[in-house]
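Step one of this worksheet: look at the structure below.
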Amino acid sequence: MKNDPTVVVGKSEGQVSSEVQRQSSLTGELRDIIEKLKARLVNVMSEMPEGPPKAESESPSLVLLASEIAGSNDGVTNCILALQSIVDRLEI
């Protein structure tokens, strides 16, 4: 049983899934903090310029775990863009 590859795969899948869930939770916390930061800095930021509408891109078909990771990566990307927008609009 110690060298059974199915046990290792099952354990590693559980660990990876757990870390993906943790990453998703942390990204959610980061989004909340960014919203609080924007609320606190509203008086020292310029208005957000109107940009072109976002084009919807077709995402490739991914296996479940890859899809969860891609979703977390998209969340992190959105947080980075939100922080960059704050930095660009600060007037201090």
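The values are calculated or read from the model by the stated rules, or taken from the named source; none is laboratory data. Fair warning: this is a prediction, and the values are worked out from it, not measured in the lab. In this analysis, Cβ positions are derived from the backbone assuming ideal geometry, glycine residues included, and neighbour counts consider all displayed protein chains.
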Look through Leu26, Leu30 and report the one residue that is of a type in the set (A, V, I, L, M), over 17 Å from Ile86 (Cα atoms), at pLDDT 95 or above and surrounded by 10 or more Cβ atoms within 10 Å (Cβ to Cβ). Leu26
Answer yes or no as to whether Ser46 is more than 30 Å from Leu90 (Cα to Cα) and modelled with pLDDT of 90 or more. no
Can you name every residue in the range 41-51 that is loosely packed, with under 10 Cβ neighbours inside 10 Å and out of contact with any strand residue (DSSP E or B) (no Cβ under 9 Å at 6 or more places or on another chain)? Val42, Asn43, Glu47, Pro49, Glu50, Gly51
Evaluate the range 74-90: report whether one residue or more is in contact with a strand residue (DSSP E or B) (Cβ under 6 Å, 6 or more places away or on another chain) and either modelled with pLDDT under 90 or in a helix (DSSP H, G or I) (or both). yes
